[in-house]
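Note sheet for the following structure.
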Amino acid sequence: MLVVMKAHATEEQVRSVCEKIEKLGYRAHAMPGAQRTAIGITGNKGEVEQGTLEEMAGVQEVIKVSKPYKLVSRDIKEDNTVIRFAGTAATIGGPGLAIVAGPCAIESREQAFAVAERVHRAGAQFFRGGAYKPRTSPYSFQGLGEEGLRIMGEIRRQYGMKIITEAIDNESLDLVEEYADVIQIGARNMQNFSLLKRAGRAKKPVVLKRDDIKLASDGQTYPIKEAPQQFRVRLLLREQRVQVADRDGGFLPHDEHSRLPRQVLLWSSQR
């Protein structure tokens, strides 16, 4: 269900509607737009009584949203999501191109700063590096951990680039949230709902990195229409700052409905 406020609705009227929704036992998600504010309603197992809300001051109309991915639907929020960062003109989702660059793993201070100097000179606004690296073999390099995060913190201070780095579990996410500007969740953790929900409670943007849309446990593929459901996990926790990063799988053959290429992102962004 979606409550559309009038263009001249006041903040107090929006707050009153949200409080009413909460009193009814549901969850309210206020989403200011360019022209007016919309309030999404979740948590309802059946029909919501529209009359009570329609009669409230500042409400223009109440609309039923039939799509299962309500909070990422264009029905809820028509405007594109633009993520802004304090202290910089860089944005993600805005009209300008956001350039993210950096090494796969932070291996040393010298290596990280050498890469940072070059990508900054090339125009990158975001520095991405891995302090934690999930590896199949326990004998492979697993990342520098907090030392790597501290190195990226130094890079931010020296070059002004915002930091994007991956959290691989709840423990590492506590430190990533402290040091990073954007939290990355890797393809290996896209079914780790405990980690996804923890990321939702972090008041920072999150990059969801995907390759195949499939269940890790049995390899079952999702149809293309369920892709937005994967992006919805964070939004359920009142966070609107979710980004999706496509992982290039090379030239391996994939069924057109199980891959997350550009057409899936385009299809999802239109809905």
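See the values below:
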{"quantity": "Residue tally, condition closer than 29 Å to V82 by Cα and of a type in the set (D, E), over the range 6-55", "calculated": "4"}
{"quantity": "Filter result (in contact with a Ser or Thr (Cβ under 9 Å, 6 or more places away or on another chain) and under 22 Å from R84 (Cβ atoms)) within the range 144-165", "calculated": "M152, G160, M161, K162"}
{"quantity": "Some residue of the range 132-145 being assigned to a helix (DSSP H, G or I) and on the phi < 0 side of the Ramachandran plot", "calculated": "no"}
{"quantity": "Any hit, the range 11-19, residues being in contact with a helix residue (DSSP H, G or I) (Cβ under 8 Å, 6 or more places away or on another chain) and either in contact (Cβ under 8 Å) with a residue 24 or more places away in the chain or of a type in the set (D, E, K, R) (or both)", "calculated": "yes"}
{"quantity": "Matching entry among M5, M31 (being surrounded by 14 or more Cβ atoms within 10 Å (Cβ to Cβ) and either within 9 Å of G58 (Cβ to Cβ) or polar (S, T, N, Q) (or both))", "calculated": "M5"}
{"quantity": "Matching entry among E47, E61, E107, E22 (being of a type in the set (D, E, K, R), modelled with pLDDT of 80 or more and part of a loop (DSSP other than H, G, I, E, B))", "calculated": "E107"}
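The values are calculated or read from the model by the stated rules, or taken from the named source; none is laboratory data. Owing to the predicted nature of the structure, the values given are computational and were not obtained by experimental measurement. Cβ sites come from the backbone with ideal geometry, for glycine too, and all protein chains shown count toward neighbours.
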